[in-house]
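Asks: My structure is below; once you've seen it, I'll send some questions.
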C-alpha cells in the first residue's frame, strides 16, 4: 500500500480492493482459519448464494488468492477451496493495513508502524 | 468496519458448526441408556459383556451419520494443525484412559468390591471413569455441552445410591443413568431435526466455479 502524507491519504492496492469487498473478505477470513473447505461449507458459513459465492471465488482465483480443487469422492464431484500462499500474505497484509488505518488518529502525518 | 473481525471467533464458529447436527449428543444419550440397562441383563441371565459391546453400535452410527448426513449437507472442511493436534491428543488420552481403566471399569460394573459398588456398580464406574473422559472430550473438542453431560454422569453416583432405597437394584441404575440419557438423546434428536431442516441435502453440487 502506498501511504501519502495527506490526512486520510491511504491508497489501497488493487489486491486490497479485491479483498476489501465484504463478501470476499468473509470468504478469505474463513479460508484463512482452515486448511481447506468444500464449496458447500463456505457457502453455509458465509450465507452467500451459490451463484454469488461462485462469482466472488472466481474473482479471488483470478487474483491468485484462492486455489480451487475439483475432485471426486466416489462418484460425487466435490469442489474444495483453499487460500494460496499469495492469498494468505495478501490477507495478512490487508488486515495489518486496516489495523494501522483504524489506530492512526485523523490527520496524523506518520501512521505508527508504517513504512 | 466497526471492529476488526476476530479470526479466532470465525474459526471457532466454523468448528462448532460441525457438531450442531446433534449426532454426538445422540451418541452420549445412547451410551447413557445402554449403561443404565446393563445391570438389568442379570435379571434375564444375559452376560453383561453383550451390553458393553452394544456401546459400539452408537459409535458406528456416529461414523455413518457424519458421512451420510452431516458432510453432504454442511460440506467438508479440514481445519488447521492446532485443531488436528487437539483431536489427536484427545484420542490418545481417551485410548490410554480406557486401556488403563478397563479392568477396573468391568470389575466395578460387576459389583466387585461390595458396598456401594454392589448395587450401584455401573453408575459408580461410569461416574468415576467415563466422566473424566467426557470432560477431556469437552476440553479438547471445544464442546461446552459435554461438561454438562459429564456433570450428569457424575451425579448418577449419589443419585443411584439414593434411589436404591426406593426402587432397589437394578432399577436404581436404570433411573439414575436412564433419565439423563433420555434427556440427552431427545436433545440430540431435536438438534438433528433442526439441522436437517436448516441444511437440506442438495441433489447435485451447485456451483459454477472454474466453468
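Asks: With the condition kept exactly as written, say whether any residue in the stretch B:73-93 is more than 27 Å from residue A:41 (Cβ to Cβ), in a helix (DSSP H, G or I), modelled with pLDDT under 85 and touching a helix residue (DSSP H, G or I) at 6+ places or on another chain (Cβ under 6 Å).
Replies: Yes - at least one qualifying residue is present in the stretch B:73-93.
Asks: On to the next question. Can you name the condition, by its number, that residue B:136 falls short on among (1) at pLDDT 80 or above; (2) under 19 Å from the mean Cα position of the chain (by Cα); (3) surrounded by fewer than 17 Cβ atoms within 10 Å (Cβ to Cβ)?
Replies: Failing condition for residue B:136: (3).
Asks: Looking only at the stretch A:73-115, which residues are within 14 Å of another protein chain (Cβ to nearest Cβ), in a loop (DSSP other than H, G, I, E, B) and modelled with pLDDT of 80 or more?
Replies: Correct list: A:75 only.
Asks: Working only within the stretch A:45-72, note down all residues that are crowded, with 20+ Cβ neighbours inside 10 Å and assigned to a helix (DSSP H, G or I).
Replies: A:45, A:53, A:54, A:56, A:57, A:60
Asks: So, in the stretch A:52-67, of the ones that are at the interface with chain B (Cβ under 7 Å from one of its Cβ atoms) and more than 23 Å from residue B:15 (Cβ to Cβ), which residue ends up farthest from the chain's Cα centre (by Cα)?
Replies: Step by step, filter the stretch A:52-67, then rank; the result is A:54.
Asks: Let me ask something else about it. Among the residues of the stretch B:139-146, is any closer than 20 Å to residue B:34 by Cβ, at pLDDT 80 or above and away from chain A (no Cβ under 14 Å)?
Replies: Yes, the stretch B:139-146 contains at least one residue that is closer than 20 Å to residue B:34 by Cβ, at pLDDT 80 or above and away from chain A (no Cβ under 14 Å).
Asks: Inspect all residues belonging to the stretch B:43-59 and state whether any of them is free of Cβ contacts under 8 Å to residues at least 60 places away in the same chain, within 14 Å of chain A (Cβ to nearest Cβ) and crowded, with 17+ Cβ neighbours inside 10 Å.
Replies: no
Asks: For residue B:100, only one of the following conditions fails: (1) surrounded by fewer than 16 Cβ atoms within 10 Å (Cβ to Cβ); (2) in contact (Cβ under 8 Å) with a residue 12 or more places away in the chain; (3) farther than 19 Å from residue B:185 by Cα. What is its number?
Replies: Every listed condition holds for residue B:100 apart from (2).
Asks: Look through the stretch A:10-32, keep the residues that are within 23 Å of residue B:14 (Cα to Cα) and at pLDDT below 90, and return whichever of them is surrounded by the most Cβ atoms within 10 Å (Cβ to Cβ).
Replies: That would be A:19.
Asks: Being farther than 22 Å from residue B:134 by Cα and touching a helix residue (DSSP H, G or I) at 6+ places or on another chain (Cβ under 8 Å) is true for just one of B:55, B:69. Which residue is that?
Replies: B:69
The values are calculated or read from the model by the stated rules, or taken from the named source; none is laboratory data. From a predicted model like this one, the values you see are computed outputs, not experimental measurements. Because the Cβ atoms are built from the backbone with ideal geometry, glycine has one as well, and the counts that use them run over all protein chains shown.
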